[in-house]
Structures are given as structure tokens and as C-alpha cells.
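Structure, as C-alpha cells:
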Amino acid sequence: MAARTRLELDDYLPYLINRVGTAIAATYTENTLAPLNLTLAMWRVLAALSNNGEQRQIDLVDMTSIDASTMSRLVTRLVRAGLVTRARSKTSSREVVVALSAKGRAQVESLIPIAKGLERTASGGLSPKEQEIVKRALRRMYDNLAGGR
């Protein structure tokens with residue numbers, strides 16, 4: 001009789017990554033974003049704009065790992081909420097540039113400390129060196145997978 005192939009979830013890296021990511025996303029969404037009528041995807045767009053300044057909509061797709069059609073809908077919702085502005089690029093009429101509004105900047109500034117607190121909670125017990133190793137490994141793993149696209 002052939003040996004059964006087994007997969008121990010508690011020792012399977014993709015499962016562990018997903019489990020942590022899901023727990024963080026659920027906590028941040030439920031406790032922080034939902035009361036503000038924001039989704040996690042909307043938060044990622046706002047955070048990317050906060051960190052990088054105004055961006056072409058297509059560049060936000062790459063920064064946030066949100067597909068282009070979803071990004072377009074998210075930006076429309078964020079414009080309606082007054083959190084971002086959207087305008088045609090000065091260099092190409094086919095490109096759309098998105099920027100934080102004053103209201104959006106204030107919203108992000110109030111959310112960043114909460115996000116960082118959640119990161120501290122999730123990484124409790126890990127030294128700064130261990131945290132950097134985890135982040136570096138996750139970036140490399142993402143690059144390994146995204147490189148084939």
C-alpha cells in the first residue's frame with residue numbers, strides 16, 4: 001500500500017501566512033475601517049497615496065496588488081467620499097492621476113497609528129531583528145511569485 005501524502009497545515013507556510021493575514025485584516029476592518037465605511041482595499045489605496053504622493057491609477061494597481069477594474073471602482077468610491085481626487089495626467093490624456101484630498105490625508109493620519117499598533121500586537125514577542133527577517137522573507141516570497149506574471 002502506498003504511503004499517503006500528508007499536508008500538516010500548522011507547518012505549511014502558505015496556510016500560516018494566510019491565517020495571520022486574515023486575522024489582521026479582520027481585526028483592522030471590523031474595529032477600525034468598517035465604522036468609517038472603508039474597506040481594506042480602500043485603506044491600501046489611501047496608505048499607498050499617503051506614502052508615495054499622487055500616483056497614476058495604474059501604478060496604484062501595482063503598489064496595492066488590486067486589479068485594474070477593482071481599482072477603478074475603488075477610486076470612484078474614494079472620490080465620492082471626498083478622500084481622494086482624480087484628474088487626467090498632464091503628460092497623457094489616457095492616464096488618470098489620483099491624490100489624497102485634505103480629508104483623505106487627515107483620515108490616513110488618524111489610521112496609521114492604529115495600523116502600527118496592530119502590527120506591534122501581531123509581532124509581539126519577536127525581536128526587531130526577527131521582524132526584519134520575516135518582512136524580508138515575505139518580500140522575497142512575493143517577488144518570487146509576482147516575477148512570473
Hey, does region 14-37 have a residue that's surrounded by 14 or more Cβ atoms within 10 Å (Cβ to Cβ), without any contact (Cβ under 8 Å) to a residue 40 or more places away in the chain, closer than 26 Å to residue 147 by Cβ and out of contact with any helix residue (DSSP H, G or I) (no Cβ under 7 Å at 6 or more places or on another chain)? no
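Please pick out the residue among 133, 112 that is more than 17 Å from residue 45 (Cβ to Cβ) and out of contact with any strand residue (DSSP E or B) (no Cβ under 7 Å at 6 or more places or on another chain).
133
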If a residue must be assigned to a strand (DSSP E or B) and of a type in the set (Gly, Ala, Ser), how many such residues does region 97-134 contain? 1
Kindly indicate the residue of region 73-116 that is at pLDDT 95 or above, surrounded by fewer than 17 Cβ atoms within 10 Å (Cβ to Cβ) and among the small types (Gly, Ala, Ser) and also nearest to the chain's Cα centre (by Cα) among those meeting that condition. 115
Note down all Cβ pairs under 8 Å where the first residue falls in region 82-100 and is on the phi > 0 side of the Ramachandran plot, the second is among the charged types (D, E, K, R) and surrounded by 11 or more Cβ atoms within 10 Å (Cβ to Cβ), and they're at least six residues apart or on different chains. 82/103
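Here are 137, 122: which of them is within 20 Å of the chain's Cα centre (by Cα), farther than 18 Å from residue 48 by Cα and either exposed (fewer than 12 other Cβ atoms within 10 Å of the Cβ) or without any contact (Cβ under 8 Å) to a residue 40 or more places away in the chain (or both)?
Details: 122 fails: either exposed (fewer than 12 other Cβ atoms within 10 Å of the Cβ) or without any contact (Cβ under 8 Å) to a residue 40 or more places away in the chain (or both).
Criteria check complete, one pass: 137.
The values are calculated or read from the model by the stated rules, or taken from the named source; none is laboratory data. A quick note: this is a predicted structure, and the numbers were derived from the prediction, not measured. Every residue, glycine as well, gets a Cβ built from its backbone with ideal geometry; the counts of neighbours run over all protein chains shown.
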